[in-house]
Each structure stands twice: as structure tokens, then as C-alpha cells.
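One structure below.
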Amino acid sequence: MKYEKHQLFCEICSIEFESSNSYHNHLARHGQLAPYPCAKCTKAFQKRADLSRHIVTEHKDDISDDKTCSICELTFTARFHLKRHNATKHSDIKPYKCKQQGCEKTFAR
């Protein structure tokens with residue numbers, strides 16, 4: 001069985017990317033995307049690392065060791081998995097668009 005690589009293209013300058021992280025970092029350079037919103041305030045960030053830095057510096061007292069989703073009560077083994085779950089399951093942010101002609105579907109990851 002052969003698997004297709006999902007390649008991402010910048011709609012502004014047509015550069016091709018194989019990883020979503022590289023794609024998002026590139027889009028941030030164009031100033032077009034801030035897909036990482038802070039759950040504690042109204043700020044949003046272009047890079048996940050910037051959001052993490054913001055949370056640690058601005059909301060340090062609010063950080064808990066709990067790894068249970070406050071919305072659906074699923075429990076995770078790592079905080080990273082909980083954050084990814086919240087970003088993909090409980091967020092309307094869907095920065096990936098299907099490249100199939102005529103398809104308008106968008107995806108979180």
C-alpha cells in the first residue's frame with residue numbers, strides 16, 4: 001500500500017511544505033495566521049512556542065498539573081496531548097484546507 005504525502009502550499013508565495021509546523025511558521029512571516037489562542041486571555045499567537053512562553057510568563061499561577069479536559073472530561077497521560085485535544089476537538093480553528101478541486105473541507109490537523 002502506498003501512502004500519499006500531504007503537501008502544504010503557501011497561498012501567498014506558492015512555497016511548498018511537507019510539515020505543518022514549517023507551514024505555520026512560514027505563514028506567520030506573512031502575518032496571515034495566529035492559530036494558537038490563549039485559553040486564559042484574548043491573545044493569539046503565530047507560533048506554538050510563543051503561546052507556551054506567554055502562558056508560562058503571564059499565567060504561571062493558573063497552570064495546573066491536571067491532564068483532564070474540562071469540557072469532555074477525557075484524561076491524558078501528558079499535558080501536550082490535552083493541549084492538542086483541546087486545539088483539535090474543542091476549537092473552530094481549522095487552518096488546513098483540502099487541495100482537491102471543488103472541495104471546501106477544512107481540518108484542524
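Counting only residues that are assigned to a loop (DSSP other than H, G, I, E, B), surrounded by 14 or more Cβ atoms within 10 Å (Cβ to Cβ) and at pLDDT below 80, the range 38-72 holds 2 of them. Checked against (1) modelled with pLDDT of 75 or more; (2) under 30 Å from PHE9 (Cα atoms); (3) loosely packed, with under 13 Cβ neighbours inside 10 Å, ARG109 passes all but condition (1).
ASN86 falls short of the stated requirement of being assigned to a helix (DSSP H, G or I), among the polar types (S, T, N, Q), surrounded by 10 or more Cβ atoms within 10 Å (Cβ to Cβ) and at pLDDT below 80.
Here ALA34 meets each of (1) outside any loop (DSSP other than H, G, I, E, B); (2) aliphatic (A, V, I, L, M); (3) touching a strand residue (DSSP E or B) at 6+ places or on another chain (Cβ under 8 Å) with one exception, condition (1).
Taken residue by residue, the range 50-66 has at least one member that is touching a strand residue (DSSP E or B) at 6+ places or on another chain (Cβ under 6 Å) and either within 28 Å of ARG29 (Cα to Cα) or in contact (Cβ under 8 Å) with a residue 24 or more places away in the chain (or both).
When residues in the range 7-29 are screened for being over 16 Å from LYS97 (Cβ atoms), at pLDDT below 80 and either assigned to a loop (DSSP other than H, G, I, E, B) or not hydrophobic (A, V, I, L, M, F, W, C) (or both), 3 of them pass.
The values are calculated or read from the model by the stated rules, or taken from the named source; none is laboratory data. All values reported here derive from a predicted model rather than from experimental measurement. Quick reminder, even Gly has a Cβ in these numbers, built from the backbone with ideal geometry, and neighbours come from all protein chains shown.
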